[in-house]
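Worksheet: the structure to be examined is printed underneath.
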Amino acid sequence: MTTNWAGNITFSAQRVHRPATVAQVQQLVARSSSVRALGTGHSFNRIADTVGDLVSVAALPHRVEIDSAGMRVLVSGGTRYGEVGGSLSAAGLALFNTGSLPHISVAGACATGTHGSGVGNPNLATAVEAFTMVAPSGDLVSVSREGAGDEFLGSVLALGRLGIVTDLTLRVVAGFEVAQTVVEDVPDERIGTDLLDMLSAAYSVSVFTSWARGRSAQIWLKRRVDAGSVGSGLEVGSGLEAESGSDKWGGRTAAVELNPVPGMPANNATPQLGVPGPWNERLPHFRMAFTPSSGRELQTEYLLPLECAAAAWAALSEIRDQIAAQLQIGEIRAVASDEMWLSPSSGRDCVAFHFTWVPDVAAVLPVVAAIERQLAPFQARPHWGKVFTTDPTTLAELYPRMSDFCALADRYDPGGKFGNQEVDRWLSEA
Ligand SMILES: Cc1cc2nc3c(=O)[nH]c(=O)nc-3n(C[C@H](O)[C@H](O)[C@H](O)COP(=O)(O)OP(=O)(O)OC[C@H]3O[C@@H](n4cnc5c(N)ncnc54)[C@H](O)[C@@H]3O)c2cc1C
């Protein structure tokens, strides 16, 4: 029995494979009539599921090949961000951003639009310049930004629907250092008045709140301490200005290290207290060697236009008791706009409202539905890898290029080999 990381999904696959070579993946795909890739299994819904062959890419040969002159790195699809981060950092290079944890695979993260934070930082898939995948025939297909043109924007963030990605080439930037500071005891109501100011106060910012009445918020500020301005969004929101303002918003700078998830040890989190360190050891919240987040949880997240941040906060505040009753911790981040067809941040700079729930599906689903009702006026798009109930008609309205994606999928995969019940349903009204 194979489950996802959180244990809330037991995959329906008849067979689970852990091929050791790309050639084996090609044979498996060619033979199968229904097949999906599995990354590190950190998604919270049935996005990776199949009734046929589930192919884990974890045992494929590990590749991290740095091209310093070309400012690129080629990684095998199953490589985890923590692994590529360590190698790049040692070579004086960096990715422009990471998600909250280094444990997830690059291919899996890019397939779902995984993002970190920063008003100048788009999602992680925007760093992809090229990739190779096993197509439905079993053939290896190479796709590049240069060669594929507009279709590239539909092919990277593809929900695992086009093929099994065996390697990706990512754009890299010069290495940089980050200092992380936490402002604690910020009165929760200040989020309503100062959210945009908070989100733009450093290179990457996370606002943590329990949504409970009378409880205070924590603002995690990840400041670049170099004067770097090296492209890929790094010149935007460098956060160098934030240092002296870190006791703003009615809070105070934390004097001891913290974990954003209540009750979890500070040791699991990346170093704080303003001590500068390599980008890969500060941009994620959680350390590679420890359990990220709480480990027993469900997650939900919605991305909506940044300019609606205060109004969306107010709308969610109307149901804050309902939210707080099932919540471990909420996180609010910023994600810069991109052009990918299925990206939740496509065409608009976004604020992302994230919820780490207790691991109780029956209790959480009604709250998720209530959040969707409150956020409906703001064109909120759900994170593809988390728990949501947004219906296919609404999804089709939220993604103007979803029909282009379906046409692309039909062309690559006319037999629907890489479809599954969940993803096919999401795309069904395009
Ligand atoms: C503790 C925790 C913290 C998280 N933090 C963040 C965060 O900060 N920001 C954020 O945006 N999200 C976050 N997430 C969500 C997570 O990043 C996404 O669910 C992501 O897709 C997980 O990657 P994965 O490798 O585990 O993918 P999986 O869950 O294994 O798969 C997800 C999708 O990718 C496809 N896929 C995987 N590998 C391949 C491949 N080689 N080729 C083609 N398709 C593939 C699968 O078929 C599936 O459709 C978090 C999740 C957890 C559990």
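A compact table of results
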item: Candidates Asp53, Asp413, Asp197: whichever shows maximal mean-square fluctuation once the chain is modelled as a Gaussian network with Cα springs under 10 Å; result: Asp197
item: Ordering of 267-280, 134-147, 178-191 by packing [mean C-beta count within 10 Å, highest first]; result: 178-191, 267-280, 134-147
item: Most mobile of Gly154, Gly214, Gly78 in a GNM of the chain (Cα contacts under 10 Å); result: Gly214
item: Nearest-0.05 FRET efficiency for Thr389 and Ser428, computed from C-beta distance (R0 22 Å); result: 0.90
item: Rg ratio (alpha-carbon, reference 2.2 N^0.38 Å) - the range 297-345; result: 1.32
item: Using alpha-carbon coordinates, inclination of helix 22-31 to the longest axis of the chain, degrees; result: 60 degrees
item: Over the chain, relative contact order from alpha-carbon pairs under 8 Å, at least 6 apart, %; result: 18 percent
item: 3J(HN,Hα) from dihedral phi, the range 403-419, Karplus parametrisation 6.51/-1.76/1.60, rounded to Hz, x for glycine, proline; result: 5, 5, 5, 5, 5, 5, 5, 4, 6, 5, 9, x, x, x, 4, 8, x
item: All-pairs Cα distance distribution in the chain, expressed in whole percent, bin size 10 Å; result: 5, 23, 34, 26, 11, 1, 0
item: Of all accessible heavy-atom area on the chain, the percent that carbon and sulfur account for (1.4 Å); result: 51 percent
item: 0 to 90° range, to nearest 10: angle between helix 81-90 axis and the chain longest Cα axis; result: 70 degrees
item: The range 70-136: translational diffusion in µm²/s, Stokes-Einstein, Kirkwood Rh over Cα pairs, 25 °C, 0.890 mPa s; result: 196 µm²/s
item: Along each principal axis, Cα extent of the range 152-200, largest first, Å; result: 47, 28, 16
item: Principal axes of the range 43-184: Cα extent on each, largest first, Å; result: 48, 39, 31
item: Per residue accessible area of the chain, 1.4 Å probe, in Å²; result: 36 Å²
item: Helical mean residue ellipticity (222 nm; -39500 (n - 2.57) per DSSP H run of 4+; nearest 500) of the chain; result: -6500 deg cm²/dmol
item: Per-selection Kirkwood Rh - the range 175-215 (Cα, Å, 1 d.p.); result: 11.7 Å
item: Integer Hz, Karplus 6.51/-1.76/1.60 couplings in order for the range 156-167, x for Gly and Pro; result: 7, 8, 10, 6, x, 8, 9, x, 9, 7, 9, 8
item: Semi-axis lengths, Å, the range 321-430, gyration tensor of Cα atoms, sqrt of 5 times eigenvalues; result: 27, 17, 12
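The values are calculated or read from the model by the stated rules, or taken from the named source; none is laboratory data. These numbers were taken from a predicted model, which means no experiment stands behind them. So basically every Cβ, Gly included, is an ideal-geometry build from the backbone, and we count neighbours across all protein chains shown. The area values use the complete protein model at the heavy-atom level, side chains included, leaving out ligands, DNA and RNA. Shrake-Rupley method; radii C 1.70, N 1.55, O 1.52, S 1.80 Å.
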